[in-house]
């Protein structure tokens, strides 16, 4: 269970990515624009019928962002998620640890140790 809990979360606004070091030392860097496109909220998913895991992006790096996005603020939701406020005014997406772990970009993940 500790593998899906982060050790650290870093928002790099200058280079446009969110970096999470997980409990098993896996490091994932999420490009912000692609992360915005992967928003898990019902509005972005297009309805409740698309809220299941089968509709999650298979590879976040294959998403085609409509524009460049930035995070204005990032809030912790309980002990289970992050909620970004995006520069386009959107702020309803709650990214659970499990969801973020599944989104870890395969090309930039690394195993430390």
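No lab work stands behind these numbers, since they all come straight from the coordinates. What you see is a predicted model; the values in this text were computed from it and never measured. Here Cβ is always computed from backbone atoms with ideal geometry, including for glycine, and neighbour counts include all displayed protein chains.
Here segment 2-111 has an Rg and Dmax of 13.0, 36 Å, counting Cα atoms alone. Peptide packing for 63-73, 49-59 was compared via the average number of neighbouring C-beta atoms within 10 Å per residue; ordered from the highest value, the list is 63-73, 49-59. Multiplying the residue separation of residue 42 and residue 76 by 0.36 nm and removing their Cα-Cα distance gives an extension gain of 10.3 nm. Put in line by how crowded their Cβ is, counting other Cβ atoms within 10 Å and starting with the fewest, 14, 21 read 14, 21.
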